[in-house]
Amino acid sequence: MRVSKVGVFTAVAAFMLVTASALFAGGVGEAEFVDPEERRLEETEELIVYSYGSLPGSLRDSIVEYFDREYGVDVELERIGETGAVYTQLYLERNEPVADAVIGLDQSYLPRLREDRLLEPYEPSSLELVRPELLVDDEFLVVPFDYGYITVNYDGHALEDAPGSWDDLLDPRFRDSFIMLHPGTSSPGRNFLLATIAEFGEDGYLDFWREFRDNVLTVSGSWSEGYGLYTEGEAPMVVSYETSPAYHREFENTDRYNALVFDGAAYLQVEVAGIVRGARNRRNAERLVEYIVSQEFQEQIPLSQIMYPIHPGVTLPDAFQAGPDIDRSVTLDPDRVEENFETWLEQWEDVMR
C-alpha cells in the first residue's frame, strides 16, 4: 500500500488508536446530571451546533440568519473534522454536553448513538419524506435531512475507458488510479467499505480488496482532501457521491466528471440530525430540527450540500438529472454494522497495509 501522495494511513491509524483509548478506557457511563426537560425548554438566546468540516458555509449562514430573524437567537455552529471526529466529540462530552444539536452523522451511527445515550428523541411536526426508507429511526432519536449514494467517481478527461463493473475495477490497467477514503474517519469511506461487504459478503470482501489494493494510489483521511486530490489530477477515480458530478455541471459547466453505478445499484447514505442529550437550549434545538426538515431549508440542499433533499416539495435542478440511474438502494442493517464494523475495519486495514 503506497501513501506517498498524502501519507495519511499511519496518521489515521494513530488517530483511531488515541480515539479508541479515550472512548473505552472508562466505559460508557451515565450522564452525571441532566436538567429536567421542562427547564431546558425555557426560552434562551443561544444555540450550539456541531457538524462536520465540509458543511457548506451557505447552510451555516442560513441557519444563523433564520434564528436571528425569527427568534433573536445567536447560533454557534462548530465544524469538527469528519463524521468520526464529530461522534467522538459528542461522546467525550457526554457527561457535560456543550452542543445542543448535531448535524451530519449518517444512519450507520444510530445503534451507537442509542447505546451511548448521546441524543434525545424529537419528532418534528413538519417532517415530509420523498421516500419512506429515509426514515431510518421511527423513534426519532435522529431525523434525516439529506441523502445520497456512495459510488466511484471518475474523470472522463483522464480515463476514457471507465470500468463498468466491480470486476473491472480490478483490472491492472487501473493501477494507482483510485483514491480511497479511510473508513475510520470518513463517512463516504465507511459506506464504500460497507458497499463492498454488501456486494461480496463477509467471506468475500477482503478478497476484493486484496486484488484491488494495487489500484489504490492512496487512502485519504477525509472526503475534502481525497476529492481535492482527484480534481487536482492525482488520480482519475475517487470514492464520492453519485451527486458530486452535479456540482461540476452546475458551477463549472462541464461533464468532465461522472459517477459509476454498477448493475443499477448503489449504497444509500442518509445524513441525520439530532438533539444532544442534556441540551441546555432544548427549545432552540427543537426549532433547528424543524427548520432543517422544512421546505424552506430543503430547497437549499441540492446546490449547497450537493445531495438529495428529503422533502418531496423540492424540484431538483437540471444538473441532477444527468447522472446515472439508480434502480436499487443498497444498505446493511445498522445493528449488524455496529456489531461487526470494528472487526471489518481492522481486517481491511490489515489487507491495505
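The values are calculated or read from the model by the stated rules, or taken from the named source; none is laboratory data. Because the structure is predicted, anything quoted here is derived from the model rather than measured. A quick note on method: Cβ atoms are made from the backbone with ideal geometry, for glycine too, and the neighbour counts reach across all protein chains shown.
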Tell me, which residue of segment 228-265 that is assigned to a helix (DSSP H, G or I) and in contact with a strand residue (DSSP E or B) (Cβ under 6 Å, 6 or more places away or on another chain) is nearest to residue 170 (Cα to Cα)? 230
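One line per residue, one yes/no per condition, for (1) under 19 Å from residue 182 (Cβ atoms); (2) small (Gly, Ala, Ser):
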position	(1), (2)
53	yes, yes
57	no, yes
69	no, no
76	no, no
83	yes, no
86	yes, no
89	yes, no
102	no, no
Looking only at segment 47-69, count every residue that is closer than 15 Å to residue 273 by Cα and in a helix (DSSP H, G or I) and tell me the total. 3
The listed residue being under 19 Å from the mean Cα position of the chain (by Cα) and either on the phi < 0 side of the Ramachandran plot or in the same structural domain as residue 215 (by TED's automatic domain parsing) (or both), out of 330, 351, 314: 330
Quick check on this structure: which one of 90, 110 is farther than 26 Å from residue 300 by Cα, assigned to a helix (DSSP H, G or I) and either at pLDDT below 95 or in the same structural domain as residue 315 (by TED's automatic domain parsing) (or both)? 90
Residue within segment 178-192 that is under 30 Å from residue 311 (Cβ atoms), in the same structural domain as residue 279 (by TED's automatic domain parsing) and of a type in the set (Lys, Arg) present: no
Lone unmet requirement of (1) surrounded by fewer than 17 Cβ atoms within 10 Å (Cβ to Cβ); (2) touching a residue at least 24 places away in the same chain (Cβ under 8 Å); (3) part of a helix (DSSP H, G or I); (4) not hydroxyl-bearing (Ser, Thr, Tyr) for residue 207: (2)
Matching residues in segment 174-189 - criterion: being closer than 20 Å to residue 158 by Cα and part of a loop (DSSP other than H, G, I, E, B): 175, 176, 177
Looking at this structure, is residue 64 over 30 Å from residue 258 (Cβ atoms), outside the structural domain of residue 186 (by TED's automatic domain parsing) and among the β-branched types (Val, Ile, Thr)? yes
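A quick yes/no check of all residues on (1) within 19 Å of the chain's Cα centre (by Cα); (2) at pLDDT below 95:
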| site | (1), (2) |
| --- | --- |
| 201 | no, no |
| 212 | no, no |
| 216 | no, no |
| 222 | yes, yes |
| 226 | yes, no |
| 230 | yes, no |
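Per-residue answers, yes or no, for (1) outside any loop (DSSP other than H, G, I, E, B); (2) over 19 Å from the mean Cα position of the chain (by Cα); (3) under 29 Å from residue 89 (Cβ atoms); (4) not assigned by TED's automatic domain parsing to the domain that holds residue 304:
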{"residue": "114", "(1), (2), (3), (4)": "yes, no, yes, no"}
{"residue": "117", "(1), (2), (3), (4)": "no, yes, yes, no"}
{"residue": "122", "(1), (2), (3), (4)": "no, yes, yes, no"}
{"residue": "130", "(1), (2), (3), (4)": "no, yes, no, no"}
{"residue": "133", "(1), (2), (3), (4)": "yes, no, yes, no"}
{"residue": "136", "(1), (2), (3), (4)": "no, no, yes, no"}
{"residue": "139", "(1), (2), (3), (4)": "no, yes, yes, no"}
{"residue": "152", "(1), (2), (3), (4)": "yes, no, no, yes"}
{"residue": "160", "(1), (2), (3), (4)": "no, yes, no, yes"}
Being modelled with pLDDT under 95 and closer than 18 Å to residue 209 by Cα is the filter here; which residues of segment 144-163 pass it? none
Confirm whether residue 213 is surrounded by fewer than 23 Cβ atoms within 10 Å (Cβ to Cβ) and in a helix (DSSP H, G or I). yes
